Amino acid sequence: MSSVEQLTLANGVRILTRTDHRYATAAVCVAIGAGSRHDPAGHGGSLHLLEHLLMNSRVPQPGDAEPRSLAEHIELLGGRGNAVTGLELMLLHAQVLPDLAAPTMAALASAAVHPDVTDHHFATERQAVLQELAAAAADPYDVVQDAYIRALFAGHPLGRPVGGTAEDVHAARLDRLLDIHRQLLSSAPIALIAVGPNTAEEIREAVRTTGIEDLPARDATPPTIPLAALAARSGHPALPDEFCWLSVGGRSPHADDPARHAYTVLGHLLGNSPASLLYLRLRLEQGLGYNFQSWNRAYQDGGSWRALIGAEPENAELVIETVRSCLAEVAAHPDPAMLEAARRQAAFELFEEADSPLGQVIQLARGTYAGARPWSAADDAAALRAVTAADVQAAAATLLRDLVVVVRPEPAPAGGAR
């Protein structure tokens, strides 16, 4: 795999390129180090709604044709475009043929810096976000994950729901969103990332007139906010009388802590692979689980490890105890063969994602936190392979000491309708 070239502009914006002629397509991305944790107080969901508006920014067409939205523009070029907002990152990305990579990067950058949106665009995208929130609220699989993050990071910006609430979105105003946008462009880490046959010079030249170089200077070190201690919780959550989703886990190390790699390996050791301990106990021995997975996510201030499992209500308590007993078993003595399989799976997952230019672009955006810190897949893979039994034991023991359990849907009120 070729190395990543990095160019840092005078204002701190970074351009990351990996020139790789093996690919028949190219991926480009504008990564902004801001997400729901940066929503202003009382304006939840602002960055998610802003992401929708940026992808619908009007882009001039060749021959002075009617301007199209950025999303439509990319599709008309024969490519694929999308955007995502998370807890602390916003990504606008596209995958196109190599000869269109540079102009597509220019279109993404222009929309990110100078969005051209109207009141009509705002109204339609706000309605689209409301539909998105309604769909998520009807799905316990989505609801339990929001509730879990809210419980894990209560009182901290990381605990905010990415999309905000329906009330937040109804109250949003275009002028306020554009003010938030201007504030982001003046301070948030920003990286332009490209992977494919194109050269760094092509990408740099393409964005010269987009306004990226005219943005204010920014601090390369994102601020962090300490996490308060977890609040005390009852040991047994209330269970519904229907199929439910359980999120079981706890806090894990932040994104710059080397100890985070042990939690990633633990996610595979208690994952949905037939080579995992949780699969053995939950699926093969007890037949209690079919839909389940485990994973770790590391953020600037802290991390989140969880096992997410679907279960019938009569089995939910036993499922929770099975996760607890598996963690205890790992904390005491992880099976060497399963641990080695988990290390290999963690490294494989890393390189599997990197097998496409788009996967690499997203990895670079996430790993570097929009260019704000050094990162490479090779370094992460080496760190994962170096995780020891003692490292995983410590991670499992830490989770056990303060295990968080969230179940959705919540049970109906006694004597009342749902």
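A few notes on this one:
- The slack in the chain from residue 173 to residue 75, taken as 0.36 nm per residue of separation less the alpha-carbon distance, amounts to 32.4 nm.
- Antiparallel bridges, percent of DSSP beta bridges restricted to the chain (to nearest 5): 90 percent
- Between residue 293 and residue 151, the contour length at 0.36 nm per residue exceeds the alpha carbon distance by 49.2 nm.
- Gap separating the Cα centres of the range 190-222 and the range 111-160, nearest whole Å: 27 Å
- Value of [θ]222 nm, deg cm²/dmol, for the chain, DSSP H segments ≥ 4, -39500 (n - 2.57) each, nearest 500: -12500 deg cm²/dmol
- Among [x] 63, 51, 45; [y] 65, 53, 38; [z] 88, 67, 48, the entry derived from the coordinates for Cα extents along the principal axes in Å: [y]
- Candidates 363, 345, 131, ranked by Gaussian network fluctuation over the chain, Cα under 10 Å, top entry: 131
- Under the convention that each Lys and Arg Cβ holds +1 and each Asp and Glu Cβ holds -1, the size of the dipole of the chain around its Cα centre is about 680 debye.
- Here the relative contact order of the range 1-158, from alpha carbon pairs under 8 Å that lie six or more residues apart, stands at 24 percent.
- Taking all Cα pairs closer than 8 Å and separated by 6 or more residues, the relative contact order of the chain comes to 21 percent.
- Looking at the range 199-243, the trypsin sites (Lys or Arg not before Pro) that sit in a DSSP loop and have at most 11 other Cβ atoms within 10 Å of their own Cβ are 208.
- Cα→Cβ-extended label distance, 7 Å offset, between residue 220 and residue 166, nm: 4.7 nm
- Net length gained if the chain between residue 328 and residue 139 were fully extended (0.36 nm per residue, minus Cα distance): 64.9 nm
Each value in this text was obtained by applying a stated rule to the coordinates, not by laboratory testing. Computed from a predicted structure; not experimentally measured. Every residue, glycine among them, receives a Cβ derived from its backbone with ideal geometry; neighbour counts consider all protein chains shown.
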